[in-house]
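The values are calculated or read from the model by the stated rules, or taken from the named source; none is laboratory data. It should be emphasised that the depicted structure is a prediction, and the values quoted were computed from it without experimental measurement. A quick note on method: Cβ atoms are made from the backbone with ideal geometry, for glycine too, and the neighbour counts reach across all protein chains shown.
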Amino acid sequence: MVRKQRLALPFFKPILLLVASLVVVLLFGLKLKRHQTPHVIFSSQEEIRHAVTSLGGSSTTPPVIVVRAEWCPACKSLEAALTQEKIPFLKADVDEDPTAQAIQRKLWDNGIDTIPQVIVGDKRLPLASAPEIRSSLESYLSTKTNP
């Protein structure tokens, strides 16, 4: 009886899985790192004021903009958290508002294609919680009043 010699596959499988896992982690990690750096969305205070007033705010409205859509459950959760924390914000609905669509195009130019997105002043806050948004808003307002 002739016995077939088997390849040592049990040793190759774990190595192959390890290499594949490392590649996935590296690629995913690079994508997360790219999305977690704040991007400058508006280039001047005038652009911020224009966006705020176009979205129904006034010159005294704190510049917190939530880029959102009515059908988005994550957007609704974020808005509920901001409301609970009593953080004033403007809704920029990408499905209905031309100003929101213009902001979304700027985000797309920076490689960001998800909602919700939070913009405080001239910077986007990725994956921000309500306390982080409050802190960023306070920082923005303090630098605006104390140049």
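Here are the numbers:
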item	result
Of all residues making up the stretch 35-91, the number that are at pLDDT below 75 and among the β-branched types (V, I, T)	5
Residue that is farthest from L82 (Cα to Cα), among those in the stretch 97-126 that are of a type in the set (D, E, K, R) and surrounded by fewer than 14 Cβ atoms within 10 Å (Cβ to Cβ)	D109
Matching residues, the stretch 74-115, being touching an Asp or Glu at 6+ places or on another chain (Cβ under 9 Å) and of a type in the set (F, W, Y)	F89
Check on S129, surrounded by fewer than 18 Cβ atoms within 10 Å (Cβ to Cβ), at pLDDT 90 or above and farther than 21 Å from T60 by Cα	no
